[in-house]
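Read the figures in this text as sums done on the coordinates, not as results from a lab. What you see is a predicted model; the values in this text were computed from it and never measured. Here the Cβ positions follow ideal geometry from the backbone for every residue, glycine too, while neighbour counts run over all protein chains shown.
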Amino acid sequence: MQDVPDHGIRFGRVAAILPVKDITKACVFYTDVLGFRKTFENGTPPGFMILQRDAAEIHLTLQPQHCAASFNVAHMIVHDVDALHAICKRHGLRIIKGLKDQDYGLRAFVFEDPDGNRIDVGQPI
């Protein structure tokens, strides 16, 4: 592996930016279903929001013509993947990859949010 100079740069958080067709509806999903809280919004009506829960942060950006990608756009590590999987099923979310122990050391599944954004969720085994 090649040595990569760090140039004295330290990286802080990196947050996923999720495009959504209806930012109010998306905010309700992430707050009421997944327990995030809105910490920032920009615009009237809002075109951008920041949602946080514990150490996780998601940014929502209003994209009325959004067409969901066919690949995962975010990865979440949680402490109870089985509970989150149950919540997703209870709310009728589409499960793309079922919950199972993976050979790379995570118990994981993939779901789609209401805008079709695919989110990979895992918990270390």
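When restricted to residues that are closer than 13 Å to residue 34 by Cα and crowded, with 18+ Cβ neighbours inside 10 Å, the stretch 79-111 contains 5. I need the full set of residues from the stretch 85-104 which are of a type outside the set (Val, Ile, Thr) and touching a residue at least 40 places away in the same chain (Cβ under 8 Å), in order please. Answer for the stretch 85-104, where residues must be of a type outside the set (Val, Ile, Thr) and touching a residue at least 40 places away in the same chain (Cβ under 8 Å): just 91.
I need the full set of residues from the stretch 1-60 which are closer than 24 Å to residue 86 by Cβ and among the charged types (D, E, K, R), in order please. Passing the criteria: 25, 32, 37, 53, 54, 57. The number of residues in the stretch 74-102 being farther than 26 Å from residue 13 by Cβ and part of a helix (DSSP H, G or I) comes to 4.
In the stretch 33-56, is there at least one residue being in contact with a strand residue (DSSP E or B) (Cβ under 6 Å, 6 or more places away or on another chain), surrounded by 16 or more Cβ atoms within 10 Å (Cβ to Cβ) and part of a loop (DSSP other than H, G, I, E, B)? Yes, the stretch 33-56 contains a residue that is in contact with a strand residue (DSSP E or B) (Cβ under 6 Å, 6 or more places away or on another chain), surrounded by 16 or more Cβ atoms within 10 Å (Cβ to Cβ) and part of a loop (DSSP other than H, G, I, E, B).
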